[in-house]
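Here is the structure we will look at.
The values are calculated or read from the model by the stated rules, or taken from the named source; none is laboratory data. Please read all numbers here as calculations on a predicted model, not as lab measurements. Because the Cβ atoms are built from the backbone with ideal geometry, glycine has one as well, and the counts that use them run over all protein chains shown.
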Amino acid sequence: MDLNNFFLISGPCVIESDKLCMEIAGKLCQLTQKYHIPLIFKASYRKENRTRVDSFTGIGDRQGLEVLQNIKHYYQIQVTTDVHTPDEALMAAEYGIDIIQIPAFLCRQTSLLKAAAQTGKTVNVKKGQFLAPGQMRFVVEKLLQFGATRDKIMLTERGTQFGYSDLIFDVRSIPKMKKLGVPVVLDVTHSLQLPNQEKGVAGGEPGLIASMAAAGVAAGVDGIFVETHPRPQEALSDGSNMLPLDRMDDMIRRIVAFRQAYVKLNKEIQETAQ
């Protein structure tokens, strides 16, 4: 199956325990091996951007990073997590995090981008909900200026604010960001988020994840980002957004089918043009 290095970024929203993360990583490894897709395991070691003061933020910074380190070594896969300050970028690199994720709200923070670039790690920057896709060229320019190379830069679409309590996925953002010459990922989970809810906990529409992922593949994304949990109703963060782990098989099967069709059609078009 030739998927041209199409990849999946997946895992729980936040590290709740070593046992839970190992369970999720093990299942995702089985599925991605089944469908021949590279897996990048994602989990936040700390949730910094929470609405309520009593929201769960993590099990401890170094404890969380150790969980990711263990998963990387045990399953021999790449791992990613988000950072919020220059010091956190350095700490993540210290624990062998392969891909440093810059949160959408912080995507223009110059000192953070500089620190992430100078770790030598791949940097995945989520497009701010407030930014036009073309504005991400300035993010790429900053990273290049600070020493990153294009093969170490990724951009992620995660929806655009639509009113106070909704986000939309503007499919045009995928080809626009791909023109910047770096891989583009679609974060399906957060593109379907419903922010600013009265209870101070974001809602979501996980029932639309498979359809949204298929749309992203059809638009030419290089990877799909989906958060998952075996029991979303019990999750300590963003449970209303995550796809149940037992539904990941169907979702991956669907996006693989769409990706095969996309690759086949593009190949036929290129051959016809020649």
- Item | Criterion: farther than 21 Å from Arg158 by Cα, out of contact with any Ser or Thr (no Cβ under 6 Å at 6 or more places or on another chain) and among the hydrophobic types (A, V, I, L, M, F, W, C) - qualifying residue of Ala218, Ala257, Ala214 | Ala257
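Considering every residue within the stretch 36-45, establish whether at least one is under 19 Å from Ala115 (Cβ atoms) and in contact (Cβ under 8 Å) with a residue 24 or more places away in the chain. Spell out the reasoning first.
At the first step, the residues of the stretch 36-45 found to be under 19 Å from Ala115 (Cβ atoms) are 44-45.
Imposing the further condition that a residue be in contact (Cβ under 8 Å) with a residue 24 or more places away in the chain reduces the set to 44-45.
Scanning the stretch 36-45 turns up at least one residue that is under 19 Å from Ala115 (Cβ atoms) and in contact (Cβ under 8 Å) with a residue 24 or more places away in the chain.
Rundown of residues vs (1) closer than 23 Å to Lys34 by Cα; (2) among the hydrophobic types (A, V, I, L, M, F, W, C); (3) surrounded by 15 or more Cβ atoms within 10 Å (Cβ to Cβ); (4) more than 18 Å from the chain's Cα centre (by Cα), yes/no style:
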| site | (1), (2), (3), (4) |
| --- | --- |
| Lys199 | no, no, no, yes |
| Ser211 | yes, no, no, no |
| Ile224 | yes, yes, yes, no |
| Ser240 | no, no, yes, no |
| Met248 | yes, yes, yes, no |
| Ile252 | yes, yes, yes, no |
| Glu268 | no, no, no, yes |
- Message: Filter the stretch 88-101 down to the residues that are out of contact with any helix residue (DSSP H, G or I) (no Cβ under 6 Å at 6 or more places or on another chain) and outside any loop (DSSP other than H, G, I, E, B) and list them by number.
- Response: Glu88, Leu90, Met91, Ala92, Ala93, Glu94, Ile99, Gln101
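This table checks each residue for (1) closer than 21 Å to Leu243 by Cβ; (2) in contact with a strand residue (DSSP E or B) (Cβ under 9 Å, 6 or more places away or on another chain).
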{"residue": "Val188", "(1), (2)": "yes, yes"}
{"residue": "Pro195", "(1), (2)": "yes, yes"}
{"residue": "Lys199", "(1), (2)": "no, no"}
{"residue": "Ser211", "(1), (2)": "yes, no"}
{"residue": "Ala215", "(1), (2)": "yes, yes"}
- If you scan the stretch 38-72, which residues turn out to be basic (Lys, Arg) and modelled with pLDDT of 95 or more? Lys42, Arg62, Lys72
- Query: Looking at (1) farther than 18 Å from Asp238 by Cβ; (2) touching a residue at least 40 places away in the same chain (Cβ under 8 Å); (3) not basic (Lys, Arg), which is the only condition Ser55 fails?
  - Reply: (1)
- Query: Which numbered condition trips up Lys121, out of (1) in contact with an Asp or Glu (Cβ under 8 Å, 6 or more places away or on another chain); (2) farther than 26 Å from Gln197 by Cβ; (3) crowded, with 21+ Cβ neighbours inside 10 Å?
  - Reply: (3)
- Task: Take the stretch 132-143 and flag every residue that is surrounded by fewer than 21 Cβ atoms within 10 Å (Cβ to Cβ) and either in a loop (DSSP other than H, G, I, E, B) or among the β-branched types (Val, Ile, Thr) (or both).
- Result: Ala132, Val140
- Note on the structure: Considering residues that are in contact with a strand residue (DSSP E or B) (Cβ under 9 Å, 6 or more places away or on another chain) and among the acidic types (Asp, Glu), the number found within the stretch 29-64 is 1
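Which of the following residues is touching a helix residue (DSSP H, G or I) at 6+ places or on another chain (Cβ under 8 Å), over 22 Å from Ala89 (Cα atoms) and modelled with pLDDT under 95: Leu192, Leu208, Leu180? Please lay out each step first, then the result.
Values: Leu208 fails: touching a helix residue (DSSP H, G or I) at 6+ places or on another chain (Cβ under 8 Å); Leu180 fails: modelled with pLDDT under 95.
Sole residue among the options that is touching a helix residue (DSSP H, G or I) at 6+ places or on another chain (Cβ under 8 Å), over 22 Å from Ala89 (Cα atoms) and modelled with pLDDT under 95: Leu192.
Would you pick out the residues in the stretch 226-238 that are farther than 16 Å from Tyr35 by Cβ and either loosely packed, with under 15 Cβ neighbours inside 10 Å or among the hydroxyl-bearing types (Ser, Thr, Tyr) (or both)?
Arg231, Gln233, Glu234, Ser237
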- Message: Restricting to the stretch 39-79, count the residues that are in a loop (DSSP other than H, G, I, E, B) and either over 15 Å from the mean Cα position of the chain (by Cα) or aromatic (Phe, Trp, Tyr) (or both).
- Response: 17
- Message: Within the stretch 31-48, does at least one residue satisfy the condition of being surrounded by 17 or more Cβ atoms within 10 Å (Cβ to Cβ), among the hydrophobic types (A, V, I, L, M, F, W, C) and farther than 28 Å from Arg150 by Cβ?
- Response: yes
